[in-house]
Amino acid sequence: MKQDATASRCGHLRAVRELAVRAGERILEIYEQDFDVVAKADGSPLTQADQAAHRVIVEDLSRLTPDIPILSEESVTVAYAERAAWTRFWLVDPLDGTKEFVNRNGEFTVNIALIDAGRPVLGVVHVPVSGVTYSACDGAGAFRQSAGESPQTIRVADYAGGRARVVASRSHAGAELEHFLAQLAAREGDYATVAMGSSLKLCLVADGSADVYPRLGPTSEWDTAAAQCVVEVAGGRVVDMKNRPLVYNKESILNPWFMACGGGDYNWTTLVPFMPVAP
């Protein structure tokens, strides 16, 4: 029975990769033109590209799996009383990294995840500008695929101390990250950092290009689910400050602070200045 369920969901992986590429193509049509930027209620930016990608993804997923509900960042809000009954659902961020889109630095992604019993079991992260797609399905492996090429299996790097490679948010640095890096330097010596936008930060951990991505600030579930699946299937972890995997379909859509880290038993959370209150 478990093998049948794995085969069923992983059978969707290629189709979801393809629809993420189609959404990315729609984003690029707008990216290459002048576009308007408006502010959402929370002050975050919204463009026509977010909405256009949302429509492509929702239409395609509804045809692919008409029995599975969809929660998108650009959806009408779904009350927790309704979605609490969902055992499986698609969790979508049509354009993750809208600030990167607005700044035209290319570091934005299309994120699509399948959540099953609170866990991301299938994830696709597509980068429209480069054409690179990261994808994974629990039971089928984790992959990185360049445009026009076949998917290549990826795995996280193991870390047991020494010079660490740290991914830092391009748009959300802060005193907490500075403290983390100072503690890391005091304990392990020198480190290297790379600044990156959107869920690409987690993908660098997934393909072994980085050892850790500390996210010491707010994110939403649709920001992380697809990339978390890629990291976990590639052998890594995405954990809160008590080393518990992030879970999905909570009453609050906000994530706690987290660490995306590669292989090995190193406890990155001990470098964090204090434990934040969970959302």
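Quick check: residue separation of T153 and A175 times 0.36 nm, minus the Cα distance between them. What number comes out in nm? If you can, show how the numbers build up before the last one.
Details: separation 22, 0.36 × 22 = 7.92 nm, distance 3.61 nm.
This chain segment gains 4.3 nm when fully extended.
Rounded, prolate or oblate: which fits the chain when a ≥ b ≥ c are the square roots of the eigenvalues of the alpha-carbon gyration tensor, with rounded for a/c under 1.5 and prolate only if a/b beats b/c? Don't skip to the end; give the middle numbers.
Numbers: a/c = 1.43, a/b = 1.29, b/c = 1.11.
Verdict is rounded for the chain.
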Inset, instruction - Starting from the Cα gyration tensor of the range 145-227, take the square roots of the eigenvalues, sort them a ≥ b ≥ c, and report rounded, prolate or oblate (rounded when a/c is under 1.5, otherwise prolate if a/b is larger than b/c, else oblate). - result: oblate
Inset, instruction - Go from 0 up to the bin containing the longest alpha carbon distance in the range 2-153, width 5 Å each, and give me the % of pairs per bin. - result: 2, 9, 19, 21, 19, 15, 9, 4, 1, 0
Inset, instruction - Sort L28, L114, L95, L71 so that the residue with the fewest other Cβ atoms within 10 Å of its own Cβ comes first and the one with the most comes last. - result: L28, L71, L114, L95
Legend entry - For the chain, the longest site-free run once trypsin sites (Lys or Arg not before Pro) in DSSP loop states with at most 15 other Cβ atoms within 10 Å are removed: 164-241
Legend entry - Partnerless Cys - the chain, beta-carbon criterion under 4.7 Å: C203, C229, C261
Inset, instruction - Counting only C-alpha contacts under 8 Å and six or more residues apart, can you give the relative contact order of the chain as a whole percent? - result: 17 percent
Legend entry - Cα→Cβ-extended label distance, 7 Å offset, between V194 and A140, nm: 2.6 nm
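Please tell me the relative contact order of the range 164-271 in percent, rounded to the nearest whole number, where contacts are Cα pairs under 8 Å and at least six residues apart.
Numbers: 179 pairs, mean separation 31.4, N = 108.
Relative contact order comes out at 29 percent.
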Inset, instruction - Measure nothing but the geometry: give the 0 to 90° angle between the long axis through the Cα atoms of 13-31 and the longest principal axis through the Cα atoms of the chain, rounded to 10°. - result: 90 degrees
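Quick check on the range 172-277: what are the equivalent-ellipsoid semi-axes from the Cα gyration tensor, as sqrt(5λ), descending, whole Å? Walk me through the intermediate numbers first.
On the way: eigenvalues 82, 53, 33 Å².
Over the Cα atoms of the range 172-277, the ellipsoid semi-axes are 20, 16, 13 Å.
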Legend entry - Helix-only [θ]222 nm of the chain, DSSP H runs n ≥ 4, -39500 (n - 2.57) each, per residue, nearest 500: -9500 deg cm²/dmol
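No value in this document is a laboratory result; all are computed from the given coordinates. Computed from a prediction, not measured in an experiment: that's the story for all the values here. Glycine also receives a Cβ, built like all others from the backbone with ideal geometry; neighbour counts cover every protein chain displayed.
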